[in-house]
Amino acid sequence: VLGVYLSGHPLEHFKDEIRAFTSGSIQKVLNFTDGARARIAGVVTAFKISKRKDANAKSTGILTLQDTSAEIKVIAYSEVLEKYISVLDKDEILWVEGTLKSDDESKILIAEKFMHLTQTRKKLCQEVHIKFPADIERKRLETLRTILRRHRGDKPTTLHIQTPEKTY
């Protein structure tokens, strides 16, 4: 059962990040084959640390991550857990990268990386592409130029002119 939010799902504010930096919704990722790499985002609805029953008795993080479509169990083995423990907590909104594996009747994600979803744009964005129609008003182009000069940032920016036939 997915959670009910009175003011809308917390992920609604991150639609652009989710579209750009994930493999799709959790529901879509659940249909990927075993061993597939996946990037997902969601709200941590459950988190616990358990001791594995092996000779080293190392800790393992077990999370439930939920988006607007479904939820998935995420496992963070000891090395990953130690590296990302500072971002792992209930109600956190996270981006996760890992490998899918079948666990009895369901799929789980074996996590390799975590980050707060608010950090994805800054850490994963390689470049910025801005598309505009060929018949754009000169004043709007000047406004765009002013904005780009004021906010240079550290990512390359490419402008694309769109005509009905082609984008340049």
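The values are calculated or read from the model by the stated rules, or taken from the named source; none is laboratory data. The model shown is predicted, which means the values in this text are computed figures rather than measured ones. Because the Cβ atoms are built from the backbone with ideal geometry, glycine has one as well, and the counts that use them run over all protein chains shown. Remember, those area values only see protein heavy atoms, side chains included, never the ligands or the DNA or RNA. Shrake-Rupley method; radii C 1.70, N 1.55, O 1.52, S 1.80 Å.
Points 7 angstrom from Cα along the Cβ direction at Lys113 and Ile147: gap in nanometres?
Output for this residue pair reads 2.8 nm.
So for segment 114-168, what are the equivalent ellipsoid semi-axes in whole Å, largest first, each being the square root of 5 times an eigenvalue of the Cα gyration tensor?
Taking √(5λ) for each Cα gyration eigenvalue gives 27, 15, 9 Å.
Rounded to the nearest 10 degrees, what's the angle between the helix 138-150 long axis and the longest principal axis of the chain, both from Cα atoms, 0 to 90?
That helix lies at roughly 50 degrees to the long axis.
Keeping every protein chain present and rolling a 1.4 Å probe, give me the accessible area per residue for the chain in Å².
Per residue, the chain has 67 Å² of solvent-accessible surface.
Where nothing but the Cβ of Lys and Arg (+1) and of Asp and Glu (-1) is charged, how large is the charge dipole of segment 112-168 around its Cα centre, in debye to the nearest 20?
Here segment 112-168 has a charge dipole of around 300 debye.
Under 1.5 on a/c is rounded, so check that first for the chain, then, if it is not, pick prolate when a/b is larger than b/c and oblate when it is not; a ≥ b ≥ c are the square roots of the alpha carbon gyration tensor eigenvalues.
Note, shape of the chain comes out prolate.
For Glu127 paired with Ala20, estimate the spin-label separation in nm (one decimal), with each label point 7 Å from Cα along the Cα-to-Cβ line.
1.4
Report the FRET efficiency, 1/(1 + (r/R0)^6), for Asn31 and Thr158, where r is their Cβ-Cβ distance and R0 is 25 Å, rounded to 0.05.
Details: r = 33 Å, r/R0 = 1.34.
So, using R0 = 25 Å, E works out to roughly 0.15.
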